[in-house]
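Peer 1: Mind having a look at this structure? Questions to follow.
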Amino acid sequence: MNPKEPLFGKTLTQLEEVRSLLGLPSYAPKQIARWLYQGHVREIEAMTDLSKEVRRILDERYTIGTEPSTHVSTSLDGTRKYLFPPGIESAYIPDRDRATLCLSTQIGCKMGCRFCLTGKQGFGGNLSPREILNQYESLPERDRVTNFVYMGMGEPLDNLDAVLESITILTSAWGYGFSPSRITVSTVGILTKIERFLTESNCHLALSLHSPFDEERTLLMPIQARHPLKEVLEVIRSFDLPKQRRVSFEYIVFEGFNHSKRHVKELSRLLQGIRCRINLIRFNAVGEPVILGDGRALKPASEEQILQFQELLNRKGIRTTIRRSRGQDIEAACGQLSTRKLLLSSFPA
């Protein structure tokens, strides 16, 4: 007997295909979508404005398809890290009058950034729109979430079709109805995909930068060799983005590596003509020291060094903020998500 296909995670267009396949009434797709994304139903029988016959036909072939988390870790600062099947990790980050959900788009990652624990895990596969959105739908704090960041495990633009479908469901009136201004998608900068993302969505973009110099960025991020930063910035610069759409640059500050006056000068030159901001991030070192190809070890910069770097950038007219690290005690901070580590620690043999 074939397993039933999940309805959750389907767009309105895909639900129309279900309607056509099963010969359902024309109004069925919007009703099903409303029950899935606004009614939060867990069984087809609960879709009470569909006739019993329509529900029976649906139930023969389909199931809802949401799944609860299998593990949660809670930080002293209120951050919570959740594990969803089949090994998907996400982080819920409350902060005063807002709460952000950090979504994963892949299990592990192919990009191999030297400072990121997820990259050390290797690549385990792309997530479907259903698996991406289940991190929100099955979250106990779902009703408190105000913002989404696609900054969990994986490279979102390496799984762009699924990411765009999930955004469609998050932002559509028949879906969850969130404003695109509440959503930020992070990328290491894949030239062949970044233009499509900027064209097909209205969400904010965050680019992992970490150094303005090619040789340094290559040491940190292998993607630099295939998709050079300068070419990525030219694509971003070519878009006349509206004021309400933000471009930000993620910048982990490493001691003695990427926060000199020389870096400030080059960042000012490179980012000229792009309305943006830089988010400075503390390096969350986990496990064995990270040694780069030139023999240097990556170490966290001091608070004084980060503040001085921020001041120099602000003086250059580049709006620069320091991102507060959250969930460090449960390894939910930037670059720390790793399903393999969580599985080993949570379910010992």
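Only the coordinates and a few stated rules stand behind these numbers; no lab work does. Predicted model, so just to flag it, every value in this text is computed and none were measured. Cβ coordinates were reconstructed from backbone atoms using ideal geometry, including for glycine residues, and neighbour counts include every protein chain displayed.
Peer 1: Give me, ordered by chain and number, the residues 5 or more places off Phe123 or on other chains with an amide H under 5 Å from its own placed amide H.
Peer 2: Residues meeting the criterion, in which the H sits 1.01 Å from N, are Cys109.
Peer 1: While we're looking at this one, here's another question. Please give the contour-minus-distance gain from Glu304 to Thr48: 0.36 nm per residue of separation, less the Cα-Cα distance, rounded to one decimal in nm. Kindly include the intermediate steps, with their values, before the conclusion.
Peer 2: Working: separation 256, 0.36 × 256 = 92.16 nm, distance 5.99 nm.
My answer for the length gained is 86.2 nm.
Peer 1: Still on this structure: Determine the sum of side-chain charges near Ser138: Lys and Arg each +1, Asp and Glu each -1, restricted to other residues whose C-beta is under 10 angstrom from that of Ser138.
Peer 2: Working: positive: Arg42, Arg142; negative: Glu67, Glu137.
Neighbourhood net charge equals 0.
Peer 1: Something else about it: Please list, in order along segment 60-66, the HN-Hα scalar couplings obtained from phi with the Karplus expression 6.51 cos²θ - 1.76 cosθ + 1.60 (θ = phi - 60°), rounded to whole Hz, x for Gly and Pro.
Peer 2: Working through the residues one at a time gives 5, 10, 10, 10, 5, x, 8 Hz.
Peer 1: Which residues' amide hydrogens lie under 5 Å from the amide hydrogen of Val185, considering only partners 5 or more residues apart or on another chain, with H built in the peptide plane?
Peer 2: Result for Val185 returns Tyr150, His204, Leu205, Ala206.
Peer 1: What is the gain in length, in nm to one decimal, between Arg144 and Glu255 on full extension, counting 0.36 nm per residue of separation less the C-alpha to C-alpha distance?
Peer 2: Details: separation 111, 0.36 × 111 = 39.96 nm, distance 3.67 nm.
Once the chain is fully extended between Arg144 and Glu255, it gains 36.3 nm.
Peer 1: Segment 229-292 to segment 172-227: how many Å between their Cα centroids?
Peer 2: 12
Peer 1: Using helices alone, what [θ] at 222 nm do you get for the chain, with -39,500 (n - 2.57) per DSSP H run of 4 or more residues, divided over all residues and rounded to the nearest 500?
Peer 2: -9500 deg cm²/dmol
Peer 1: In addition: GNM on the chain, C-alpha springs below 10 Å: top fluctuator among Asn279, Asn159, Asn314?
Peer 2: Fluctuation is largest for Asn314.
Peer 1: Non-local amide H neighbours of Thr320 (under 5 Å, H modeled in plane, Pro and chain starts lacking H): which ones?
Peer 2: Ile278
Peer 1: Another question about this same structure. Per-residue HN-Hα couplings for segment 76-91, Karplus 6.51 cos²θ - 1.76 cosθ + 1.60 at θ = phi - 60°, whole Hz, x for Gly and Pro?
Peer 2: Ordered by residue, 3J(HN,Hα) equals 4, 8, x, 5, 10, 10, 10, 10, 10, x, x, x, 10, 10, 9, 10 Hz.
Peer 1: For segment 45-50, what does the Karplus curve 6.51 cos²θ - 1.76 cosθ + 1.60, with θ = phi - 60°, yield as ³J(HN,Hα) per residue in whole Hz, taken in order and with x for Gly and Pro?
Peer 2: 4, 7, 7, 6, 8, 9
Peer 1: I would also like to ask the following. So if R0 is 56 Å, what FRET efficiency would Leu21 and Leu292 give, r being the distance between their Cβ atoms, rounded to the nearest 0.05?
Peer 2: Working: r = 54 Å, r/R0 = 0.96.
Result of the calculation: an efficiency of 0.55.
Peer 1: Most exposed first by the Cβ proxy, i.e. fewest other Cβ within 10 Å, how do Lys243, Lys30 rank?
Peer 2: Details: Lys243 6, Lys30 15.
Placing the least packed residue first, the sequence is Lys243, Lys30.
Peer 1: Ser268 to Lys243: extension gain in nm, 0.36 nm per residue of separation minus the Cα-Cα distance?
Peer 2: Working: separation 25, 0.36 × 25 = 9.00 nm, distance 2.02 nm.
Additional length available on full extension: 7.0 nm.
Peer 1: Mean-square fluctuation check for the chain, GNM, Cα pairs under 10 Å: which of Ser211, Ser104, Ser138 is largest?
Peer 2: Of Ser211, Ser104, Ser138, the most mobile in the Gaussian network model is Ser138.
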